[in-house]
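Before any comments, here is the structure.
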Amino acid sequence: MTWTAPEITRTPQLLVGDERAMLHSLLTRGREILLWKCQGLTGFQLAARSVEPSTMSLLGLIRHMTEVERGWFRMRAAGEEISYLYSDETNQDGDFDDTVSEQAEADYARLVEEITACDKAIADLPLDHTVTHPRSGMDISLRWIYLHMIEEYARHCGHADLLRERIDGATGYQ
(Lines give C-alpha, C1' and ligand atoms only; values in the text may rest on other atoms or scores of the structure.)
Protein backbone atom coordinates (compact mmCIF):
# COMPACT_ATOMS: atom_id res chain seq x y z
CA MET A 1 0.00 0.00 0.00
CA THR A 2 1.26 3.47 -0.88
CA TRP A 3 1.78 5.87 2.01
CA THR A 4 -0.04 9.19 1.85
CA ALA A 5 0.44 12.17 4.12
CA PRO A 6 -2.17 12.10 6.89
CA GLU A 7 -5.09 14.46 7.29
CA ILE A 8 -4.35 17.48 9.44
CA THR A 9 -6.75 18.93 11.97
CA ARG A 10 -5.81 22.56 12.30
CA THR A 11 -5.72 24.17 15.72
CA PRO A 12 -7.84 27.30 16.13
CA GLN A 13 -5.61 30.37 16.09
CA LEU A 14 -5.44 32.43 19.27
CA LEU A 15 -6.67 35.97 18.78
CA VAL A 16 -6.11 37.05 22.37
CA GLY A 17 -3.41 35.98 24.80
CA ASP A 18 -0.05 36.78 26.27
CA GLU A 19 2.92 37.32 23.97
CA ARG A 20 4.36 33.81 24.24
CA ALA A 21 1.00 32.16 23.61
CA MET A 22 0.34 34.40 20.61
CA LEU A 23 3.76 33.73 19.09
CA HIS A 24 3.36 30.00 19.61
CA SER A 25 -0.12 30.08 18.09
CA LEU A 26 1.11 31.82 14.94
CA LEU A 27 4.04 29.40 14.67
CA THR A 28 1.70 26.44 15.12
CA ARG A 29 -0.51 27.85 12.37
CA GLY A 30 2.40 27.95 9.93
CA ARG A 31 3.50 24.44 10.88
CA GLU A 32 0.01 23.06 10.41
CA ILE A 33 -0.57 24.85 7.11
CA LEU A 34 2.56 23.27 5.64
CA LEU A 35 1.47 19.81 6.77
CA TRP A 36 -2.09 20.51 5.63
CA LYS A 37 -0.83 21.39 2.14
CA CYS A 38 0.77 17.92 2.05
CA GLN A 39 -2.22 15.91 3.29
CA GLY A 40 -3.47 13.16 1.02
CA LEU A 41 -0.42 13.22 -1.25
CA THR A 42 1.83 10.24 -1.89
CA GLY A 43 5.58 10.28 -1.46
CA PHE A 44 5.92 10.53 -5.23
CA GLN A 45 3.64 13.59 -5.33
CA LEU A 46 5.42 15.21 -2.38
CA ALA A 47 8.77 14.78 -4.13
CA ALA A 48 7.51 16.33 -7.40
CA ARG A 49 9.70 19.31 -8.24
CA SER A 50 8.29 22.69 -9.19
CA VAL A 51 10.01 23.77 -12.40
CA GLU A 52 13.59 23.47 -13.63
CA PRO A 53 16.12 24.45 -12.45
CA SER A 54 14.51 24.64 -8.99
CA THR A 55 14.78 21.60 -6.74
CA MET A 56 11.88 22.81 -4.60
CA SER A 57 9.19 20.29 -3.73
CA LEU A 58 6.76 19.79 -0.87
CA LEU A 59 9.02 17.02 0.43
CA GLY A 60 11.97 19.41 0.18
CA LEU A 61 10.00 21.97 2.19
CA ILE A 62 9.25 19.34 4.84
CA ARG A 63 12.94 18.47 5.06
CA HIS A 64 14.00 22.14 4.98
CA MET A 65 11.66 23.11 7.81
CA THR A 66 12.95 20.16 9.84
CA GLU A 67 16.44 21.62 9.46
CA VAL A 68 15.28 25.18 10.20
CA GLU A 69 13.32 24.16 13.32
CA ARG A 70 16.27 22.10 14.55
CA GLY A 71 18.82 24.82 13.82
CA TRP A 72 17.05 27.78 15.37
CA PHE A 73 15.29 26.22 18.33
CA ARG A 74 17.43 23.29 19.43
CA MET A 75 20.93 24.06 18.18
CA ARG A 76 20.93 27.81 18.70
CA ALA A 77 18.32 28.78 21.31
CA ALA A 78 18.65 25.68 23.50
CA GLY A 79 22.35 25.12 22.74
CA GLU A 80 21.97 21.41 21.98
CA GLU A 81 25.04 19.89 20.38
CA ILE A 82 23.37 18.09 17.50
CA SER A 83 23.88 18.25 13.76
CA TYR A 84 21.59 18.81 10.82
CA LEU A 85 19.84 15.78 9.36
CA TYR A 86 19.98 16.50 5.64
CA SER A 87 22.62 19.16 5.05
CA ASP A 88 26.25 19.72 5.91
CA GLU A 89 29.18 21.89 4.82
CA THR A 90 29.70 19.85 1.62
CA ASN A 91 25.99 19.53 0.82
CA GLN A 92 24.28 22.72 2.00
CA ASP A 93 21.10 22.10 -0.02
CA GLY A 94 20.68 18.42 0.82
CA ASP A 95 17.26 19.15 2.31
CA PHE A 96 15.97 20.11 -1.15
CA ASP A 97 18.37 18.33 -3.49
CA ASP A 98 18.38 14.83 -2.03
CA THR A 99 14.68 14.06 -1.65
CA VAL A 100 13.64 10.46 -2.26
CA SER A 101 9.94 9.75 -2.63
CA GLU A 102 10.26 6.38 -0.88
CA GLN A 103 11.52 8.18 2.24
CA ALA A 104 8.64 10.68 2.39
CA GLU A 105 6.90 8.97 5.31
CA ALA A 106 10.08 9.01 7.41
CA ASP A 107 10.88 12.62 6.44
CA TYR A 108 7.34 13.71 7.32
CA ALA A 109 7.55 11.91 10.69
CA ARG A 110 10.91 13.58 11.35
CA LEU A 111 9.38 17.04 10.95
CA VAL A 112 6.54 16.20 13.33
CA GLU A 113 9.04 14.76 15.85
CA GLU A 114 11.35 17.76 15.45
CA ILE A 115 8.50 20.18 16.16
CA THR A 116 7.78 18.35 19.41
CA ALA A 117 11.48 18.29 20.34
CA CYS A 118 11.85 22.00 19.56
CA ASP A 119 8.84 23.00 21.64
CA LYS A 120 10.22 20.97 24.55
CA ALA A 121 13.75 22.41 24.15
CA ILE A 122 12.59 26.02 24.47
CA ALA A 123 9.67 25.56 26.86
CA ASP A 124 11.52 26.95 29.87
CA LEU A 125 13.49 29.65 28.05
CA PRO A 126 12.22 33.24 28.42
CA LEU A 127 11.52 35.23 25.26
CA ASP A 128 14.39 37.52 26.27
CA HIS A 129 16.87 34.59 26.25
CA THR A 130 19.67 35.57 23.87
CA VAL A 131 22.10 33.71 21.68
CA THR A 132 24.60 34.83 19.09
CA HIS A 133 23.42 34.92 15.48
CA PRO A 134 25.61 32.49 13.53
CA ARG A 135 26.36 34.86 10.64
CA SER A 136 26.19 38.39 12.04
CA GLY A 137 27.66 37.65 15.45
CA MET A 138 24.98 39.87 17.00
CA ASP A 139 22.82 38.89 19.95
CA ILE A 140 19.31 37.74 19.07
CA SER A 141 16.47 36.79 21.40
CA LEU A 142 14.19 33.79 21.46
CA ARG A 143 11.46 36.31 20.62
CA TRP A 144 13.34 37.15 17.39
CA ILE A 145 13.69 33.42 16.62
CA TYR A 146 9.93 32.94 17.03
CA LEU A 147 9.25 35.86 14.70
CA HIS A 148 11.82 34.62 12.20
CA MET A 149 10.25 31.14 12.22
CA ILE A 150 6.77 32.60 11.67
CA GLU A 151 8.22 34.51 8.72
CA GLU A 152 9.97 31.36 7.44
CA TYR A 153 6.78 29.32 7.54
CA ALA A 154 4.79 32.13 5.88
CA ARG A 155 7.25 32.26 3.00
CA HIS A 156 7.36 28.51 2.52
CA CYS A 157 3.61 28.01 2.94
CA GLY A 158 3.24 30.34 -0.04
CA HIS A 159 5.57 28.06 -1.97
CA ALA A 160 3.54 25.07 -0.75
CA ASP A 161 0.34 26.67 -2.11
CA LEU A 162 1.84 26.86 -5.59
CA LEU A 163 3.39 23.40 -5.45
CA ARG A 164 0.13 21.80 -4.30
CA GLU A 165 -1.86 23.58 -7.01
CA ARG A 166 0.57 22.27 -9.63
CA ILE A 167 0.21 18.70 -8.34
CA ASP A 168 -3.58 18.36 -8.18
CA GLY A 169 -5.17 21.78 -8.56
CA ALA A 170 -5.96 22.16 -4.84
CA THR A 171 -5.83 25.79 -3.74
CA GLY A 172 -6.67 27.78 -0.64
CA TYR A 173 -8.80 26.01 1.91
CA GLN A 174 -9.82 23.06 -0.27
In the range 71-81, the residues that are surrounded by 12 or more Cβ atoms within 10 Å (Cβ to Cβ) and either without any contact (Cβ under 8 Å) to a residue 24 or more places away in the chain or of a type in the set (A, V, I, L, M) (or both)
Gly71, Met75, Ala77, Ala78
Failed item, numbered, when Asp128 is tested on (1) of a type outside the set (A, V, I, L, M); (2) outside any loop (DSSP other than H, G, I, E, B); (3) modelled with pLDDT of 95 or more:
(2)
List the helices (runs of 4 or more DSSP H) inside the range 17-70, counting only whole elements, that have at least 2 residues being buried (at least 18 other Cβ atoms within 10 Å of the Cβ) and of a type in the set (A, V, I, L, M).
19-38, 58-69
Going residue by residue through the range 132-139, is there one that turns out to be small (Gly, Ala, Ser), surrounded by fewer than 19 Cβ atoms within 10 Å (Cβ to Cβ) and either within 16 Å of Arg49 (Cα to Cα) or within 18 Å of the chain's Cα centre (by Cα) (or both)?
no
Can you name the condition, by its number, that Tyr84 falls short on among (1) of a type in the set (Phe, Trp, Tyr); (2) in a helix (DSSP H, G or I); (3) open to solvent by 60 Å² or more (accessible area, probe 1.4 Å)?
(2)
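Yes or no, residue by residue, for (1) closer than 21 Å to Arg76 by Cβ; (2) in contact with a His (Cβ under 7 Å, 6 or more places away or on another chain); (3) modelled with pLDDT of 95 or more; (4) charged (D, E, K, R):
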| residue | (1), (2), (3), (4) |
| --- | --- |
| Ser101 | no, no, no, no |
| Glu105 | no, no, yes, yes |
| Tyr108 | no, no, yes, no |
| Asp139 | yes, no, yes, yes |
Any chance you could count how many residues in the range 95-126 are of a type in the set (Lys, Arg) and crowded, with 17+ Cβ neighbours inside 10 Å?
1
Being surrounded by fewer than 17 Cβ atoms within 10 Å (Cβ to Cβ) and in contact (Cβ under 8 Å) with a residue 40 or more places away in the chain, is that true of even one residue in the range 154-161?
yes
For Thr2, the lone unmet condition from (1) open to solvent by 70 Å² or more (accessible area, probe 1.4 Å); (2) within 29 Å of Ser141 (Cα to Cα); (3) among the polar types (S, T, N, Q) is (2)
All positions within the range 1-54 that are charged (D, E, K, R) and within 16 Å of the chain's Cα centre (by Cα):
Arg10, Arg29, Arg31, Glu32, Lys37
Taking Ile150 as meeting all but one of (1) under 29 Å from Leu41 (Cα atoms); (2) not in a helix (DSSP H, G or I), write down the number of the exception.
(2)
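The values are calculated or read from the model by the stated rules, or taken from the named source; none is laboratory data. The model shown is predicted, which means the values in this text are computed figures rather than measured ones. Virtual Cβ from ideal backbone geometry, glycine too; neighbours counted across all protein chains shown. Side chains are part of the model used for accessible areas, which takes the heavy atoms of the whole protein and leaves out ligands, DNA and RNA. Shrake-Rupley method; radii C 1.70, N 1.55, O 1.52, S 1.80 Å.
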